[in-house]
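Below is one structure, written out as structure tokens; comments come after it.
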Amino acid sequence: MAKTEIELELPEARKRIHALEAEVEQSAARALEANLLRKVVEALNRAVSWQETLEQALAEIMTAFGCRAGWIYMITDDGSMRQVAARGLPPALKLDIRRRTTLCECQRLLLGGEMGQSVNIIHCQRLREARGDTGGLATHASVPIFHGERWLGVLNLAQPDADRHCEDKLALLSAVGQQLAVALERARLYVAEQ
């Protein structure tokens, strides 16, 4: 039986994670980050459906990176963006989701092909324009979710202290975004085979 594209890419993704773990072991401060990434990967490997993958990923990633709020937008078949998972949203953002009819900055960047393949810090228009309690959130890290050349969506993580998204964490978030994309593609293939 021929291996699927995802089966061919999984060993490479695992190699990247192991290389990252080896580097993390060189420093006590970075050892904690490797443990957190491992927890995220294990949670993703247990999930089989898209929704389960998204919910488990968001919960584990938020816990691992100490984020207060997180949400995931996926690109739909018609090319629009749909929020598919959210946790810890302050009241103003919960209301904003129901009212929003336009794309926010991270969505425009992703759909316009301007986001790139690395994590971006977005001074969020959605957070700036939200009315009510935003929980002190002003920026978020936007983690692109892509598989091969195909963009799947964006994972946003927010916390009041924007400085907490340091360079080391951004690199780790990038690896998490890649692993999330692999897990989503695996879930898609699983559903297609059923």
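The values are calculated or read from the model by the stated rules, or taken from the named source; none is laboratory data. As the structure is a prediction and not an experimental result, all values here were calculated from the model. Please note: Cβ atoms are built from the backbone with ideal geometry, for glycine as well, and neighbour counts cover all protein chains shown. Heavy atoms of the whole protein, side chains included, go into the accessibility calculation; ligands, DNA and RNA do not. Shrake-Rupley method; radii C 1.70, N 1.55, O 1.52, S 1.80 Å.
Output the residues belonging to region 38-89 that are in contact with a helix residue (DSSP H, G or I) (Cβ under 6 Å, 6 or more places away or on another chain), in a helix (DSSP H, G or I) and either at positive phi or open to solvent by less than 30 Å² (accessible area, probe 1.4 Å) (or both).
Val40, Val41, Ala43, Leu44, Thr53, Ala57, Ile61, Ala64
Considering only region 102-124, state which residues are surrounded by 12 or more Cβ atoms within 10 Å (Cβ to Cβ) and closer than 16 Å to Met81 by Cα. Spell out how you get there, then give the answer.
Filtering region 102-124 for residues surrounded by 12 or more Cβ atoms within 10 Å (Cβ to Cβ) gives 103-111, 115, 118-122, 124.
Leu103, Cys104, Glu105, Cys106, Gln107, Arg108, Leu109, Leu110, Leu111, Met115, listed by residue number.
Tell me, yes or no, whether region 57-67 has at least one residue that is of a type in the set (S, T, N, Q) and modelled with pLDDT of 75 or more. Outline the logic, then answer.
First, pick out the residues of region 57-67 that are of a type in the set (S, T, N, Q): 63.
With modelled with pLDDT of 75 or more added as a condition, the list becomes 63.
There is at least one residue in region 57-67 that is of a type in the set (S, T, N, Q) and modelled with pLDDT of 75 or more.
Could you tell me whether Glu21 is more than 18 Å from the chain's Cα centre (by Cα), surrounded by 13 or more Cβ atoms within 10 Å (Cβ to Cβ), over 16 Å from Leu189 (Cβ atoms) and at pLDDT 75 or above?
Numbers: more than 18 Å from the chain's Cα centre (by Cα): yes; surrounded by 13 or more Cβ atoms within 10 Å (Cβ to Cβ): yes; over 16 Å from Leu189 (Cβ atoms): yes; at pLDDT 75 or above: yes.
Criteria met by Glu21.
Please work out if Asn120 is at pLDDT below 85 and in contact with a Ser or Thr (Cβ under 7 Å, 6 or more places away or on another chain).
Spelling it out, Asn120 is indeed at pLDDT below 85 and in contact with a Ser or Thr (Cβ under 7 Å, 6 or more places away or on another chain).
Being among the acidic types (Asp, Glu), open to solvent by less than 50 Å² (accessible area, probe 1.4 Å) and at pLDDT below 80, is that true of even one residue in region 93-101?
Yes, the conditions are met somewhere in region 93-101.
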